[in-house]
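Peer 1: I have a structure here, written as structure tokens, and I will follow up with some questions on it.
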Amino acid sequence: MANLDTTLDIFSALLASEQPVPVAEADEAIWAYLAAFGGLDAQVRALDRLVEGVAGLDATSTFMPSLRDALDRHRARLAEPSA
């Protein structure tokens, strides 16, 4: 499990990378962060904080659109009705 600062540090490193970065690394960091929160509502709030934190990172990185897409996929997953 990771906290917000650790997750944002991971994202900063991915954004700074000059090599193409697999989006799976961002997904793993998102999962690790959200795993610390029990319940759907808590995970939605945690994801909101994560998105806010990402807004302050390097928006010029070529990896930023992939990171935003990964965050959007997690938001969509959390919005799905449970079976």
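Peer 1: Answer with one residue from GLY56, TYR33, ALA76: the one whose Cα lies farthest towards the positive end of the charge dipole of the stretch 2-77, charges on Cβ with Lys, Arg +1 and Asp, Glu -1.
Peer 2: It is ALA76.
Peer 1: Provide the gained length on full extension for the span ASP69 to ASP9, in nm with one decimal, where the gain is 0.36 nm per separating residue minus the Cα-Cα distance.
Peer 2: Numbers: separation 60, 0.36 × 60 = 21.60 nm, distance 1.83 nm.
Fully extending the segment from ASP69 to ASP9 adds 19.8 nm.
Peer 1: Once you treat every alpha carbon in the stretch 2-77 as an equal point and sum by Debye, what is log10 I(q)/I(0) at q = 0.17, 0.18, 0.23 Å⁻¹?
Peer 2: -0.57, -0.64, -1.05
Peer 1: Let me ask another. Solvent-accessible area per residue for the stretch 10-83 at a 1.4 Å probe radius, Å²?
Peer 2: For the stretch 10-83, the per-residue accessible area is 60 Å².
Peer 1: Size of the dipole of the chain about the Cα centre, Lys and Arg at +1 and Asp and Glu at -1 on the beta carbon, nothing else charged, in debye to 20?
Peer 2: On the way: 6 positive and 13 negative charges, 48 e Å.
So the magnitude is around 240 debye.
The values are calculated or read from the model by the stated rules, or taken from the named source; none is laboratory data. Keep in mind that what you see is a predicted model, and the values were worked out from it rather than measured. In this analysis, Cβ positions are derived from the backbone assuming ideal geometry, glycine residues included, and neighbour counts consider all displayed protein chains. Areas reflect the complete protein model, heavy atoms only, side chains present, ligands, DNA and RNA absent. Shrake-Rupley method; radii C 1.70, N 1.55, O 1.52, S 1.80 Å.
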